[in-house]
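Just below is one structure, and these are the notes that go with it.
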Amino acid sequence: MKLRLLIALSLIAVLCGVARSPAAAQRPDAPTYAKRGPFIVGTRELQIPAGGPNEPALTLTVWYPALNPDNKPVSAEYRLGPIVGTGRALRDAPPDSSKAKYPLIIFAHGLGAARIQLVTYTEQLASHGFFVMAVDHPGSTFNDVLTGNTNGILDSFGRRPLEVLRQIAFAEQLTAAGGPFAGLIDTDTVGVTGHSFGGYTTFAAGGGRLDLSDLQARCKQQPDPMQCAFVNRLDRLAEVRGLSAVPEGLWPATTDPRIKAIAPLAPSSGSFFSKEGMAAITIPMLIMVGSRDLATPTEENATPMYQGASSATKALVTFENAGHYIFVEKCVPALIALGRFGDCSDLVWDMDRAHDLINHFGTAFFLATLKGDEAAARALRPEAVNFAGVRYDLTGSW
């Protein structure tokens with residue numbers, strides 16, 4: 001993980017990601033699963049209470065199939081400090097239980113970002129009949145990095161996959177009898193997805209096991225200040241993970257058998273997993289990357305993760321000549337006025353087209369793997385993936 005670059009760009013990316021309307025993003029040539037699904041989307045803000053000393057409270061946003069009995073305009077405001085954006089959802093709308101239970105999808109944000117980083121994506125998934133959750137991961141949020149609190153990144157690295165599991169447990173409370181979403185969520189059928197540091201989170205929550213032995217050896221010969229800072233504090237990382245000692249070789253898995261599919265976006269931290277640790281992934285996986293990603297280079301992260309996973313069916317979607325932030329929203333006017341257009345756009349790709357394709361692949365993947373949707377599965381077969389600028393690698397079959 002190129003940490004300095006990743007932090008600097010993440011701060012810009014989150015400024016872009018919450019400040020434009022997803023309603024304006026879709027192009028007339030959007031592919032099938034980039035188009036809005038049949039459900040109105042509701043959204044709410046919730047709080048997961050603190051647990052033990054390494055379980056801080058988590059601020060949570062959820063998106064879900066909803067009703068609109070009063071025919072209100074479908075628009076929701078999303079706020080991150082002084083930054084305000086709108087999306088195509090109804091704030092605190094009553095849930096639509098007509099097709100319940102809905103599979104659960106958990107989104108993990110990137111380093112220096114926030115739970116509302118990719119509203120176009122999370123709302124899109126909810127519109128196709130998923131219950132979507134995202135938290136701010138303490139220690140690696142926009143506010144943490146903005147205020148210089150980078151000491152919390154190591155703790156967040158350790159906690160993040162466990163915070164995915166906490167969200168599953170919280171979803172059980174939400175959908176239990178008497179809960180605000182009683183009977184709505186299928187917590188036995190879970191998908192995880194996330195961008196950058198959230199891609200690492202996704203991979204770890206999906207079964208990937210840390211193995212820092214190779215990195216420890218490299219740090220003795222050619223130390224990388226950022227990566228080796230983690231190696232020098234493995235005792236703290238073990239403590240955060242709830243371990244009594246630093247494991248030798250493979251670390252214990254941080255997963256749950258209810259997680260049935262994962263979709264990392266431009267994942268980071270590939271060097272923290274050995275071949276054996278990557279091989280622990282056995283569930284369906286879809287990775288999306290840009291071929292010119294300078295923050296989390298594909299050859300160090302996504303490619304070995306894809307090749308190493310034991311999943312019977314797995315796919316790698318590569319946006320040719322795209323950078324790391326093809327996955328976030330395009331620039332707001334204020335950043336353009338400051339001359340920062342190059343930091344919140346892509347040198348090659350039209351961002352609206354990219355977002356349509358990202359939504360298409362992600363939605364089709366989760367419909368196929370979590371709902372058994374045959375039409376969505378057909379959209380992921382090689383003969384159906386015929387988009388200019390997209391390279392598609394598939395192992396197995398949908």
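None of the figures in this text is laboratory data; all of them are computed from the coordinates on show. Here the structure is a predicted model, which means the values were calculated and not measured. Neighbour counts are summed over all protein chains in view; Cβ atoms, including those assigned to glycine, are modelled from backbone coordinates with ideal geometry.
Return the sequence-ordered ³J(HN,Hα) values of the range 280-293 in whole Hz as given by the Karplus equation 6.51 cos²θ - 1.76 cosθ + 1.60 applied to θ = phi - 60°, using x for Gly and Pro.
Working through the residues one at a time gives 5, 6, 10, 8, x, 9, 10, 10, 10, 9, x, 6, 10, 7 Hz.
Give me the distance between the Cα centres of the range 87-160 and the range 161-199, rounded to whole Å.
Using only Cα atoms to place each centre, the spacing works out to 11 Å.
Which order do the peptides 353-364, 269-280, 387-398 come out in when sorted by mean C-beta neighbours inside 10 angstrom, highest first?
On the way: 353-364: 24.2, 269-280: 20.3, 387-398: 13.9.
Ranking the peptides 353-364, 269-280, 387-398 by packing returns 353-364, 269-280, 387-398.
Can you give the FRET efficiency for Arg91 and Gln222, using 1/(1 + (r/R0)^6), R0 = 51 Å, r = Cβ-Cβ distance, to the nearest 0.05? Numbers along the way, then the final one.
Values: r = 51 Å, r/R0 = 1.01.
With a Förster radius of 51 Å, E is 0.50.
Identify which of Asp70, Asp144, Asp211 has the largest mean-square fluctuation in a Gaussian network model of the chain, with springs joining Cα atoms closer than 10 Å.
Asp70
Say R0 is 45 Å: what FRET efficiency, to the nearest 0.05, do Asp235 and Leu347 get from their beta-carbon distance? Don't skip to the answer; put the middle values down first.
On the way: r = 42 Å, r/R0 = 0.94.
Taking R0 as 45 Å, the efficiency between Asp235 and Leu347 is 0.60.
Go through 215-224, 300-309 and give me the packing order, highest mean Cβ count within 10 Å leading.
Numbers: 215-224: 12.6, 300-309: 21.5.
Highest to lowest by the protection proxy: 300-309, 215-224.
Sequence-distant or interchain residues sharing an amide H contact under 5 Å with Ile105, placed H: which?
Phe131, Val132, Met133, Gly191
In nm, give the distance between the simple-model label positions of Asn149 and Leu46, each being 7 Å from the Cα along the Cα-to-Cβ direction.
Modelled inter-label distance: 2.3 nm.
Of the DSSP beta bridges with both residues in the chain, give the percent that are antiparallel, rounding to the nearest 5. Mind dumping the intermediate values first?
Numbers: 26 of 54 bridges.
Roughly 50 percent of the DSSP beta bridges within the chain come out antiparallel.
What are the DSSP H helices in the chain that stretch 18 Å or more along their long axis, judged by alpha-carbon atoms, and whose average Kyte-Doolittle hydropathy comes to at least 1.6?
Values: long enough: 3-17 (20 Å, 2.43); 152-175 (32 Å, 0.11); 351-371 (28 Å, 0.21).
Span-like helices, by this rule, are 3-17.
Determine which aspartates and glutamates satisfy two conditions relative to Lys314: a Cα distance under 15 Å, and not lying fewer than 8 residues away in the same chain.
Partners found: Asp393.
In terms of the Cα gyration tensor, with a ≥ b ≥ c the square roots of its eigenvalues, is the range 72-159 rounded because a/c is under 1.5, prolate because a/b exceeds b/c, or oblate?
Values: a/c = 3.34, a/b = 1.69, b/c = 1.98.
Verdict is oblate for the range 72-159.
Across the chain, how large is the tail of the calculated P(r) beyond 40 Å, expressed as a percent of all Cα pairs?
On the way: 6778 of 79003 pairs.
Of all Cα-Cα pairs in the chain, 9 percent lie more than 40 Å apart.
Post the alpha-carbon centroid distance, the range 301-375 to the range 46-71, in whole angstrom.
25
At Asn54 and Arg79, where each label point lies 7 Å from the Cα along Cα→Cβ, what is the point-to-point distance in nanometres?
In this crude spin-label approximation the distance works out to 3.5 nm.
Would you pull out the residues with amide H under 5 Å of Ala66's amide H, same chain only if 5 or more places away, H placed 1.01 Å from N?
It is Ile40, Val41, Gly42, Asp96, by chain and number.
Which lysines, on any chain, are close to Lys72 with Cα under 27 Å apart, when same-chain ones fewer than 8 places away are left out?
Lys35, Lys99, Lys101
Taking +1 at the Cβ of each Lys and Arg and -1 at the Cβ of each Asp and Glu, which of Ala93, Ser311, Pro53 sits farthest along the dipole of the chain towards its positive end, judged by Cα position relative to the Cα centre?
My answer, from the dipole projection, is Ala93.
Skipping prolines and chain starts, which residues have an amide H placed within reach, meaning under 5 Å, of the one on Ile83, given they are 5 or more residues away or on another chain?
none
Which residues does a label at Arg378 reach in the range 24-45, if reach means a backbone N under 17 Å from a point 7 Å past the Cα toward the Cβ?
Correct set: 31-34.
Could you work out [θ]222 nm for the chain from helices alone, using -39500 (n - 2.57) per DSSP H run of at least four and dividing by all its residues? Round to the nearest 500 deg cm²/dmol.
Only helices count here, giving -9500 deg cm²/dmol.
For the pair Ile336/Gln307, report the inter-label distance in nm, with labels modelled 7 Å from Cα in the Cβ direction.
In this crude label model, Ile336 to Gln307 measures out at 4.1 nm.
Could you tell me how many cubic angstrom of Cα convex hull volume the range 249-312 has per residue?
Values: hull volume 5.3 nm³, N = 64.
Residue-normalised Cα hull volume stands at 83 Å³.
Mind giving me the FRET efficiency for Lys275 and Ala182? R0 is 35 Å, r the Cβ-Cβ distance, nearest 0.05 is fine. Working shown, then result.
Working: r = 44 Å, r/R0 = 1.26.
So the FRET efficiency works out to roughly 0.20.
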